[in-house]
1. On C-alpha positions alone, give me the angle between the axis of helix 9-27 and the longest principal axis of the chain, in degrees, nearest 10.
2. Grab the Cα-Cα distance for ARG43 and VAL10, subtract it from 0.36 nm times how many residues apart they are, and report the gain in nm with one decimal.
3. Kindly state, to the nearest 0.05, the FRET efficiency for HIS27 paired with ASP57, given R0 = 22 Å and r defined as their beta-carbon distance.
4. How much net charge surrounds LEU26 when only the other residues with a Cβ under 13 Å from the Cβ of LEU26 are counted, with Lys and Arg +1 and Asp and Glu -1?
5. With axes computed from alpha carbons, what is the tilt in degrees of helix 58-68 against the longest principal axis of the chain, rounded to the nearest 10 within 0 to 90?
6. Treat the chain as a sphere of radius equal to its Kirkwood radius over Cα pairs and apply Stokes-Einstein at 4 °C in a medium of 1.567 mPa s; give the translational diffusion coefficient in µm²/s, rounded to a whole number.
7. Where does the charge balance sit around ALA52 when Lys and Arg score +1, Asp and Glu -1, over other residues with C-beta under 11 Å from its C-beta?
8. Relative contact order of the chain: what whole-number percent is it, with Cα pairs under 8 angstrom and at least 6 residues apart?
Amino acid sequence: MPLDPMPDWVPARRRQFGERLRSARLHANLTQEQLGERIGRDRRTIHRWEYAARVPDLEDLLLLADAVGVPLRDLVD
């Protein structure tokens, strides 16, 4: 049975998350590589999240928020 197509608003929200993550990372003066090292992921994974090619799971979201020093809601709200 095929899955329902993704609602139209989902890609836009993914892009918003990526933009917020990038902004928070830059505000924390971190490169993608440094952020990846802090949370145990590689630079390519951070890049994919920032450019909405992939989405982090809940554990990664918690680690990201802590690593860049912002409340989780600031990344996902």
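1. 0 degrees
2. So the chain would gain 9.5 nm between ARG43 and VAL10.
3. Once rounded, the FRET efficiency stands at 0.40.
4. +1
5. 30 degrees
6. Answer from the Stokes-Einstein relation: 102 µm²/s.
7. Cβ neighbours under 11 Å give a net charge of +4.
8. Relative contact order, the chain: 32 percent.
Here, each number is a calculation from the coordinates, and none is a lab measurement. Note that the structure is a prediction, hence the values are computed from the model and not measured. Heads up, the Cβs are rebuilt from the backbone with ideal geometry, glycines too, and the neighbour counts pull from every protein chain shown.
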